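Remarks on the structure that follows.
No value in this document is a laboratory result; all are computed from the given coordinates. Note that the coordinates shown come from a computational prediction; the quantities given were computed from them, not determined experimentally. Every residue, glycine as well, gets a Cβ built from its backbone with ideal geometry; the counts of neighbours run over all protein chains shown.
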Amino acid sequence: MSNVVNTVTTMVAPILADLSLELYDLDYNGGILRVTVDTPAGQDKGVDIDQISLITRLLGRELDHNENAVPGRFTLEVTSPGLERTLRTPHHFQREVGKSVTIRLISELDGRRRLAGVLVGATSTTASVRLEDSTETVEVPLSMIDKAKTVFVWESQPKPNSKEARDAKRAEKSSASETQPEVNAQ
């Protein structure tokens, strides 16, 4: 299995480099080769469907030419990690520092089996989480984590035409008029 992962990683690396993308994760299990790609950390936009379909075609062609890369029949899935990302490797945790996470542990740590909060730090062996509704920070050995993922926090928007929405529009207009230079017509 790790031989398949290493071989496919080598094959997909130049494709992703040409598209300015990164390999987020690669998994081969049960006849499914799942390649997860992402933009470099810190970029506002994510991977689009055209990029995913291009990677699928290019990598599929490479796999067809190298029949020994993946033994037997398999299904190729190319995807993006999405808004809520699975965290499996030290790199995943280090990349997502500052984001909200949920973590399920293999066994209890300080009386807890589940944690939720902000990932405030990560090393090659631990993740530090500032717990929700608390100032307490818990350092979790990565080896104790059963499952972890980021949690997308939806920002609430005021209802259209509500007092809050009208106030926000007024504030936006006044800040825009303050930044525009005045022009005197003579």
Placing each pseudo-label 7 Å from Cα in the direction of the beta carbon, E132 and D27 end up separated by a distance in nanometres of 2.3
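When ranked by the protection proxy of mean other Cβ atoms within 10 Å per residue, highest first, what sequence do the peptides 80-92, 136-148, 101-113 form?
Put in order of decreasing packing, that is 80-92, 136-148, 101-113.
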Grab the alpha carbons of segment 51-103, take their convex hull, and tell me the volume per residue in Å³. 131
With θ taken as phi - 60° and the coefficients 6.51, -1.76 and 1.60, list the Karplus ³J(HN,Hα) couplings across segment 70-87 in order, rounded to whole Hz; mark glycine and proline as x. 10, x, x, 7, 8, 10, 9, 10, 10, 8, 9, x, x, 6, 9, 9, 6, 10
Karplus ³J(HN,Hα) for segment 143-149 (6.51 cos²θ - 1.76 cosθ + 1.60, θ = phi - 60°; Hz, whole; x = Gly/Pro) runs 5, 8, 8, 7, 8, 8, 7
Enumerate the amide H contacts of V47 below 5 Å, restricted to partners 5 or more residues apart or on another chain; note that Pro and chain-start residues carry no placed amide H. T39
How many nm separate the modelled label positions at Q94 and M144, each set 7 Å beyond the Cα in the direction of the Cβ? 2.2
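Given a cut-off of 31 Å, what percent of all Cα-Cα pairs of the chain lie beyond it? Don't jump to the answer; show the numbers that get you there.
Details: 7028 of 17205 pairs.
Beyond 31 Å sits 41 percent of the P(r) for the chain.
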How far apart, in nanometres, would the label points at D44 and H65 be if each is projected 7 angstrom from Cα along the Cα-to-Cβ direction? 3.7
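I want to verify the translational diffusion coefficient of segment 2-79 in µm²/s; compute it with Stokes-Einstein, Rh as the Kirkwood radius over Cα pairs, at 20 °C and 1.002 mPa s.
Details: Rh = 12.7 Å.
It comes out at roughly 168 µm²/s.
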In segment 120-157, whose amide N lies under 15 Å from the spot 7 Å out along Cα-to-Cβ of I106? List them in ranges. 125-127, 140-148
Calculated from DSSP H runs of 4 or more alone, at -39500 (n - 2.57) each and per residue, what is the 222 nm mean residue ellipticity of the chain, nearest 500? -10000 deg cm²/dmol
